[in-house]
Amino acid sequence: MKLVWIMEDLRIIEAKESHKEILQRLLELYQYDLSVVTDDDVDQFGLYGYSYLDCYWVEEKRYPYLFLFREAFAGFALVNKVNWLPENDGAHSIAEFFVLKKYRRQGVGTVAAQCVINRFPGKWEIRILRENQSAIQFWRQVITKLASGRFLERIPDPHLWRGTVFSFKNRSVKSSFPKEFAE
Ligand SMILES: CC(C)(COP(=O)(O)OP(=O)(O)OC[C@H]1O[C@@H](n2cnc3c(N)ncnc32)[C@H](O)[C@@H]1OP(=O)(O)O)[C@@H](O)C(=O)NCCC(=O)NCCS
């Protein structure tokens, strides 16, 4: 099904602690989806689990976001400042990023990624596992637009990261997307 949508259909909110359980469930879907890439198994309770979830409301410099499409949950992004490449020290990073299947290939991920990244001017590092080729293609096109083609795409030593690392500087001050981050 192809959705015909306008920007106002998509809303991105900061996930509050009261959204934690929703995010936890969406993370399960995300990890299930990525298990063909990560080779992860569920635990004895049938869950993947996500050890860092609580940190998003406890530690500074961690930012959880939810995407809502016409008020239905459509995905999420977790942003932090954990970097792998020494030259990206202090950069923001996408820890996890997910669009539910129904909403894919219709630009939802691109708009959400642009909005989230535009919250934070300055250096960015985005890492994608080698096996996740579709995500590599997704991020390459997002970053090409955002950084006007000025970015570095590297495959570092596999001991450092087993995949692709994008590094770029976001020069935007704030996205003009009308309803983003509204409560
Ligand atoms: C990667 C993901 C976020 C993309 O979300 P999306 O809403 O489908 O992305 P968009 O519709 O904005 O895609 C924009 C462009 O990215 C590229 N792209 C997106 N998904 C792709 C895929 N599966 N294969 C190849 N290219 C893809 C295409 O160039 C696409 O443009 P097109 O549809 O006109 O060809 C989504 O597929 C997802 O959540 N995947 C599982 C989780 C994941 O891998 N997250 C990233 C971890 S770093």
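Conditions tested, residue by residue: (1) within 16 Å of residue 72 (Cβ to Cβ); (2) in contact (Cβ under 8 Å) with a residue 24 or more places away in the chain; (3) not hydroxyl-bearing (Ser, Thr, Tyr); (4) not in a loop (DSSP other than H, G, I, E, B).
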position	(1), (2), (3), (4)
12	yes, yes, yes, yes
18	no, no, no, yes
21	no, no, yes, yes
35	no, no, no, yes
49	no, no, yes, no
Does segment 47-62 include one or more residues that are over 23 Å from residue 154 (Cα atoms) and in contact with a Cys (Cβ under 8 Å, 6 or more places away or on another chain)? yes
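For every residue, the table says whether it meets (1) free of Cβ contacts under 8 Å to residues at least 24 places away in the same chain; (2) away from the ligand (no atom under 13 Å from the Cβ); (3) in contact with a His (Cβ under 9 Å, 6 or more places away or on another chain).
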{"site": "85", "(1), (2), (3)": "no, yes, no"}
{"site": "103", "(1), (2), (3)": "no, no, no"}
{"site": "120", "(1), (2), (3)": "no, yes, yes"}
{"site": "128", "(1), (2), (3)": "no, no, no"}
Only one of (1) farther than 27 Å from residue 6 by Cβ; (2) without any contact (Cβ under 8 Å) to a residue 40 or more places away in the chain is not met by residue 167, so which one is it? (2)
Pick from segment 105-118, criterion out of contact with any helix residue (DSSP H, G or I) (no Cβ under 8 Å at 6 or more places or on another chain) and among the β-branched types (Val, Ile, Thr), ranking: nearest to the ligand (Cβ to nearest atom): 108
Selection within segment 1-28 - in contact with a helix residue (DSSP H, G or I) (Cβ under 9 Å, 6 or more places away or on another chain), modelled with pLDDT of 95 or more and surrounded by 14 or more Cβ atoms within 10 Å (Cβ to Cβ): 10, 12, 13, 15, 20, 23
Can you say whether residue 96 is within 15 Å of the ligand (Cβ to nearest atom), of a type in the set (D, E, K, R) and more than 16 Å from residue 76 (Cα to Cα), as far as the supplied structure shows? no
Test result for residue 147, more than 8 Å from the ligand (Cβ to nearest atom), of a type in the set (Gly, Ala, Ser) and in contact with a strand residue (DSSP E or B) (Cβ under 7 Å, 6 or more places away or on another chain): yes
Does segment 33-45 include one or more residues that are within 13 Å of the ligand (Cβ to nearest atom), farther than 23 Å from residue 122 by Cβ and either surrounded by fewer than 13 Cβ atoms within 10 Å (Cβ to Cβ) or of a type in the set (Lys, Arg) (or both)? yes
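The values are calculated or read from the model by the stated rules, or taken from the named source; none is laboratory data. Remember, it's a predicted structure, so these values are computed and weren't measured experimentally. All Cβ positions, even for glycine, are placed from backbone atoms using ideal geometry, and neighbour counts span all protein chains on display.
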